[in-house]
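Peer 1: Below is the structure I would like to discuss, written out as C-alpha cells.
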Amino acid sequence: MIQLQNFKKSYGQYTALQIPELHLETGIYWIKGVNGSGKSTLLKSMAGMLSFQGDILINNQTSLKKHPVKYRKMVNFSEAEPLFPTFITGLEMIDLFVSAKNAPATQKESLIEDLKMQHYIQTPVSSYSSGMLKKLSILLAFIGNPSIILLDEPLITIDTDSLKVLYSLIHKEHNEKGTTFLITSHQPLDPAYLPNTKALLVEEQTLKIS
C-alpha cells in the first residue's frame, strides 16, 4: 500500500530521518517515539508538505515526486497544532477541502454533526479554542475518499466524547473503505476501539516495526 524508497530528510547537515526501504500494507499504524525523534517530520513528508530525498509511492504506482497532484488527493493530514487563516469561518475552510477533494456535500454535514461543531462552524476561525481548531483539523482529514489518513497527535486537546467519535470514524473508515491510518501519539491507542493496530517505532533516525 505505502512504499518508502531511499527516504532521507535532512535539515542542513543534520539527518533527521532516513528509511532505505519500507513497505506498509493496508492497516492502522501507531507511530511511537520520543519528542524530536522525527514522527511529525515523517507525516509531513508523507503529506507532501516537506521536501526530502527519495520517493513515496501508493499502491506501487502513484509517486509523490512524479504524480504530486494525484498523490495529494489520496492523502489527508491532520497536524498536531493546526493553523488556519483566521479571517475565514470553519465552514468556508471545509468547503475548500470539499471542492479540492471532490467530496459530496452530505459528507461534511455528517462530520460536523458527529463532532458536534454546528454551533460554531460558521464563525471565524480566530474565535476558536485549541480544542475547536483540533476538531476542525480532524474533520478535514476525513473529507473526500482518501487512501491514507495521517493523524499527528489526534488524541490531545479534544474532549472525551469527541475522542470516542474519532475512534469510531477511524474504525468505520478503515473497515468500510480500507483506508490506511498512520497515527502518532504519546498515549496508547485504545485497543477496545482499534484492536488490530500495528506499532511502528521512530528511533535512531529511522522507522522500525516494533
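All of the numbers you see were taken from the coordinates with simple rules; none came from a lab. From a predicted model like this one, the values you see are computed outputs, not experimental measurements. Cβ coordinates were reconstructed from backbone atoms using ideal geometry, including for glycine residues, and neighbour counts include every protein chain displayed.
Peer 1: Could you work out the helix-only [θ] at 222 nm for the chain, with each DSSP H run of four or more residues adding -39,500 (n - 2.57) and the total divided by the number of residues, to the nearest 500 deg cm²/dmol?
Peer 2: Taking each H run of at least 4 residues, the total per residue is -9500 deg cm²/dmol.
Peer 1: Now for a separate question. In the chain, which helices (entire DSSP H runs) extend 15 Å or more along their own long axis, judged by Cα positions, while averaging at least 0.0 on the Kyte-Doolittle scale?
Peer 2: Flagged H segments are 90-100, 130-141.
Peer 1: Moving to a separate point now. Quick check on packing: order 115-123, 164-172, 129-137 by the mean number of other C-beta atoms within 10 Å, highest mean leading.
Peer 2: 129-137, 164-172, 115-123
Peer 1: Cα convex hull of segment 7-64: how many Å³ per residue?
Peer 2: 92
Peer 1: Count the DSSP beta bridges whose two residues both fall in segment 2-209, then state the antiparallel fraction as a percent rounded to the nearest 5.
Peer 2: Close to 55 percent.
Peer 1: Note down the nm distance, to one decimal, between modelled labels 7 Å out along Cα→Cβ at Lys177 and at Thr86.
Peer 2: In this crude label model, Lys177 to Thr86 measures out at 3.2 nm.
Peer 1: While we're on this one: Around Leu182, with a cut-off of 11 angstrom between Cβ atoms, what is the net charge of the other residues, counting Lys and Arg +1 and Asp and Glu -1?
Peer 2: +1
Peer 1: I've got another one for you. Once you've got the Cα coordinates, tell me which of Lys108/Lys208; Lys44/Lys108; Lys8/Lys164 are over 31 Å apart.
Peer 2: From Lys108/Lys208; Lys44/Lys108; Lys8/Lys164, over 31 Å: Lys108/Lys208; Lys8/Lys164.
Peer 1: May I ask for the distance between the Cα centers of segment 118-147 and segment 46-61, given as a whole number of Å?
Peer 2: Their Cα centres are 26 Å away from one another.
Peer 1: In Å and whole numbers, how far do the C-alpha atoms of segment 124-207 stretch along each principal axis, longest first?
Peer 2: 39, 34, 24 Å, listed from the longest principal axis down.
Peer 1: Based on the Cα coordinates of segment 2-209, what is the per residue volume of their convex hull in Å³?
Peer 2: Given the Cα convex hull of segment 2-209, per-residue volume reads 123 Å³.
Peer 1: Please report the relative contact order for segment 2-209, taking Cα pairs under 8 Å with a sequence separation of at least 6, and give it as a percent rounded to a whole number.
Peer 2: Worked out over segment 2-209, it gives 29 percent.
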